[in-house]
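Written below as structure tokens is the structure these notes are about.
Each value in this text was obtained by applying a stated rule to the coordinates, not by laboratory testing. The structure presented is a predicted model; accordingly, all values stated were derived computationally and were not measured. Please note: Cβ atoms are built from the backbone with ideal geometry, for glycine as well, and neighbour counts cover all protein chains shown.
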């Protein structure tokens, strides 16, 4: 596990260079161990706020019951720039990770994995730092093209790089008559395994339980802080 992250303020240009340098370290490979605990990660911020909330939940993979969670409030140190989300959110997530007692075997992140212009979305970047498998689960496309999956729960359509045709993720129809979600491997996991885990974590909602519960948990703390 490498908790290293730029300590000093960096420019967007420097952040892009870091992403390019990390790209060769990404491992899209089969899981090495069975999944017993699955985690979710999310960040919540008030508009124009200088601080945000970041957190994790850990669920039992079989029952999807939450067995642990952690949330921290911290200063936002990087501007909102599409494609550089990890530099804004990961510093907070690392602090939340340090306070999480029950660490998951794989983390589902609210964001993209390799479905990113430089293949280094927040899920991939977080996986590289923590050294554990991660999955990107996004509500919209950052990059890539796809055809609309059939309006049948479980239907997928591969997300491909517009120029090379490389498969970088999948549009996944989790429920009937809802917009697809976009799944991409982050690090140390394959796309097929990522889709299998997401499918197992969808119950009655469009979003899988790890990111849905992470979102609800972090938002609860954010709202309570405003009272």
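Sort 113-123, 195-205, 19-29 by packing, meaning the average of other beta carbons within 10 Å per residue, with the highest value first. Show your work: numbers first, answer last.
On the way: 113-123: 26.5, 195-205: 16.5, 19-29: 14.4.
Ranking the peptides 113-123, 195-205, 19-29 by packing returns 113-123, 195-205, 19-29.
How would you rank 130-137, 163-170, 89-96, 77-84, highest first, on the average number of other Cβ atoms within 10 Å across their residues? Display every interim value, and only then the final one.
Working: 130-137: 25.4, 163-170: 17.5, 89-96: 21.8, 77-84: 14.0.
Put in order of decreasing packing, that is 130-137, 89-96, 163-170, 77-84.
Per-residue ellipticity at 222 nm for the chain, helices alone: DSSP H runs ≥ 4 residues times -39500 (n - 2.57), over residue total, nearest 500 deg cm²/dmol?
Numbers: 5 runs with 63 residues, N = 227.
Using -39500 (n - 2.57) per qualifying helix, the result is -8500 deg cm²/dmol.
Normalised by the residues of the chain, what does the relative contact order come to in percent, with Cα pairs under 8 Å and at least six apart? Intermediate values should be presented prior to the final figure.
Values: 527 pairs, mean separation 51.1, N = 227.
After rounding, I find 23 percent.
Sort out for me the Cα centre separation of region 104-161 from region 197-227, rounded to whole Å.
Region 104-161 and region 197-227 have Cα centres separated by 17 Å.
Semi-axes of region 53-132's equivalent ellipsoid from the Cα gyration tensor, sqrt of 5 times each eigenvalue, largest first, rounded to whole Å?
Numbers: eigenvalues 99, 51, 19 Å².
They are 22, 16, 10 Å, listed largest first.
Could you give the length gained on full extension between residue 150 and residue 64, defined as 0.36 nm per residue of separation minus the Cα-Cα distance, in nm?
Working: separation 86, 0.36 × 86 = 30.96 nm, distance 2.68 nm.
Here the segment from residue 150 to residue 64 would lengthen by 28.3 nm.
Calculate the spin-label point distance for residue 48 paired with residue 141, positioning each point 7 Å from the Cα along the beta-carbon direction, and give it in nanometres.
It is 3.4 nm.
Please give, to one decimal in nm, the separation of the simple spin-label points placed at residue 162 and residue 190, each 7 Å out from Cα toward the Cβ.
So the two model labels end up 3.0 nm from each other.
Bin width 5 Å, origin at 0, all Cα-Cα pairs of the chain: what percent of pairs per bin?
Histogram of Cα-Cα distances, whole percents per bin: 1, 7, 15, 20, 21, 17, 12, 5, 1, 0, 0.
Quote to one decimal, in nm, the extra length available between residue 102 and residue 219 on full extension: 0.36 nm per residue of separation minus the C-alpha distance between them. Provide the component values of the computation, followed by the final result.
Numbers: separation 117, 0.36 × 117 = 42.12 nm, distance 2.07 nm.
That pair, residue 102 and residue 219, stretches by 40.1 nm at full extension.
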